[in-house]
Amino acid sequence: FDSLRKGKSEVVKQNHTLVLGWSDKLGSLLNQLAIANESLGGGIVVVMAEREKEDMELDIAKKEFDFRGTSVICRSGSPLILADLKKVSVSKARAVIVLAGDGNADQSDARALRTVLSLTGVKEGLRGHIVVELSDLDNEVLVKLVGGDHVETVVAHDVIGRLMIQCARQPGLAQIWEDILGFENCEFYIKRWPQLDGLQFEDVLISFPDAIPCGVKAASCGGKIILNPDDSYVLQEGDEVLVIAEDDDTYAPTALPTVKEAPFIHITRPARKPQKILLCGWRRDIDDMIVVLDAFLAHGSELWMFNDGKEAFDGGLDINRLVNISLVNREGNAVIRRHLESLPLESFDSILILADEAVEDSAIQADSRSLATLLLIRDIQAKRLPCREDMNSHGYRGSFSQGSWMGEMQQASDKSVIISEILDPRTKNLLSMSKISDYVLSNELVSMALAMVAEDRQINDVLEEFFAEEGNELHIRQADLYLREGEELSFYEVLLRARQRREIVIGYRLANAEKAVINPPGKNEQRRWSEKDVFVVIAEKE
């Protein structure tokens, strides 16, 4: 009984998801796995960490999640001990998730490497794949070398960094990615449909009333994922279709609908304007972020770097090789008001607040600093707003009273976009309620990615395609690129117009709406559009 209570007994299960390790991401990871398994009536998740079973169960219970029929079993043990791995039926698990430990990145990745080595030594072999969360991109090669075909890696730091860059250029993308990465709304699925063999991709696009095809897993290319293929691509035997759908059992192809081919509107897309971006704080991969920003931003853009004097780039970045951006270095402390007041805060298009690397070991401490920086920047911006009295007299309709400091900050948020990197989901919820930070990117997104790759390892290839420096990515486009004010078109007609630009429309946000609709229902129903609406599309990087 004592060994049962302490979690020393064997788990006699199979086809379960096994989580090795413990971190602040575990709560949101369990939540995502529960949502993913809901349509099956629930699944089994086994968590093994070097903690007492009772403490683990208590911590999970505190989160008050609805596990929707999924049972969570905790066991005490070390992933480096083969007997402990056997105790949690590792060889019968459908997927094994290795969580990065809190603290130093290199130490955490070294431990993940040893865990993968230990997993490859399991005598009975592994039925499922291993999903490893890493902290540093440089360590990915080693883990893949050791784990071979069994391993999929998700580099948390890199995912958040690339999302921050995408959102700095197109602010609304944070909500879109949250919708697509989480299991609560629509997400990616890959499936084989033999009845579609021989069809061109332009016909495949309108074959699913309840899903949006985004690409093909091409059998002839060794199972490579091709996002946004040519219209003329013909589905071959063995090809699978990548779609965005509500669930894997909610969509199927039907007979081709009749869609009126909408005439092409010749509108030249306005040239990209140079942007002025502020990076507050420092990350160990800051040089990678600068290189990606240089590739994405228009020529003549400025990148201001505000931190406590760190100018050495660990990755050996040669700033003379930057083509589109010029760097402006400013030294100061991001939680001291007078230091921030020395910056032209009202003139930036986007401000990125990075989780402070000096206190990265403590999520709450790092978030406290980010929160202090955010509040100070918003307050300084609000004080510098022109005609503050005039704005108040015209009745500002925020969710806070006109004269309140929160109301003033919301006015300031109309002028420039602030994207905050937040480590703890609880801080994220606080910020979402106050609406003073436009977009918050948190560890929750990493948990979502881990759960998605655990459920279907092919999705990792899809995410890598989206985050690569070349190829396709998500864009938010103004409606006037596809239609005229008040024009009545079905979603399918807009989709076909976008195809003439080699884009796939996956959803839209109406002018007066807060959230975008991804994979809308009634795709063949006519509706009146406004030029102020925006469309979410998959398109080549500009």
(message) I'd like the accessible area for ASP55, computed on protein heavy atoms only with a 1.4 Å probe and all protein chains in place. Round to 10 Å², please.
(response) 70
(request) Using the Cα centre as the reference, give the magnitude of the dipole from point charges on the C-beta atoms of the chain (Lys, Arg: +1; Asp, Glu: -1; all else neutral), rounded to the nearest 20 debye. (result) 640
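For the chain, what proportion of DSSP beta bridges, expressed in % and rounded to the nearest 5, is antiparallel? Spell out each step's value before the answer.
On the way: 33 of 80 bridges.
Taking every DSSP beta bridge within the chain, about 40 percent pair in antiparallel fashion.
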(request) Please list 139-146, 498-505, 22-29 highest first by mean number of surrounding beta-carbon atoms within 10 Å per residue. (result) 22-29, 498-505, 139-146
(request) First compute the accessible area of the chain with a 1.4 Å probe, then give the percent of it belonging to carbon and sulfur atoms. (result) 49
(message) Leaving out ligands and nucleic acids, and using a 1.4 Å probe, what accessible area per residue does the stretch 142-284 come to in Å²?
(response) 41
(message) Probe of 1.4 angstrom, ligands and nucleic acids ignored: what's the accessible area per residue over the stretch 416-542, in square angstrom?
(response) 37
(message) Sort 274-286, 35-47 by packing, meaning the average of other beta carbons within 10 Å per residue, with the highest value first.
(response) 274-286, 35-47
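Using square roots of five times the C-alpha gyration tensor eigenvalues, list the equivalent-ellipsoid semi-axes of the chain in whole Å, biggest first.
Working: eigenvalues 277, 220, 100 Å².
They are 37, 33, 22 Å, listed largest first.
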(request) Given the peptides 462-470, 530-538, 158-166, arrange them by the average over their residues of other C-beta atoms within 10 Å, most packed first. (result) 158-166, 530-538, 462-470
(message) How large is the Kirkwood hydrodynamic radius of the stretch 317-386, counting all unique pairs of alpha carbons, in Å?
(response) 13.9
(message) Using helices alone, I'd like the mean residue ellipticity at 222 nm for the chain: each DSSP H run of four-plus residues gives -39500 (n - 2.57), total over residue count, nearest 500.
(response) -9500 deg cm²/dmol
(message) Can you compute 3J(HN,Hα) from phi for each residue in the stretch 170-179, using the Karplus curve 6.51 cos²θ - 1.76 cosθ + 1.60 with θ = phi - 60°, rounded to whole Hz and x for Gly and Pro?
(response) 9, x, x, 5, 4, 5, 5, 5, 4, 5
(request) Determine one quarter of the surface area of the Cα convex hull of the stretch 120-252, which equals its mean projected area, and express it in nm² to one decimal. (result) 10.7
(message) Counting heavy atoms of the protein chains only and a 1.4 Å probe, report the per residue accessible area for the stretch 328-387 as a whole number of Å².
(response) 44
(message) Whole-Hz ³J(HN,Hα) for each residue in the stretch 63-79, computed from phi via Karplus 6.51 cos²θ - 1.76 cosθ + 1.60 with θ = phi - 60°, x for glycine and proline: what do you get?
(response) 6, 6, 7, 8, 7, 6, x, 7, 9, 10, 10, 9, 9, 8, x, 10, x
(message) Greater than 32 Å separation of Cα atoms is the criterion. Which listed pairs, LYS383/LYS541; LYS63/LYS191; LYS428/LYS541; LYS191/LYS541; LYS123/LYS428, meet it?
(response) LYS383/LYS541; LYS63/LYS191; LYS123/LYS428
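Roughly how large, in nm² to one decimal, is the mean projection of the convex hull of the alpha-carbon atoms in the stretch 1-112?
Directional mean of the projected Cα hull area for the stretch 1-112 stands at 7.0 nm².
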(request) With viscosity set to 1.002 mPa s and temperature to 20 °C, compute the Stokes-Einstein D of the stretch 56-181, Rh being the Kirkwood radius across alpha carbon pairs; µm²/s, no decimals. (result) 129
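The values are calculated or read from the model by the stated rules, or taken from the named source; none is laboratory data. Predicted model only: the values in this text are computed from it and were never measured. Neighbour counts run over all protein chains shown; Cβ positions are idealised from the backbone, glycine included. Note: areas computed on protein heavy atoms with side chains; ligands, DNA, RNA excluded. Shrake-Rupley method; radii C 1.70, N 1.55, O 1.52, S 1.80 Å.
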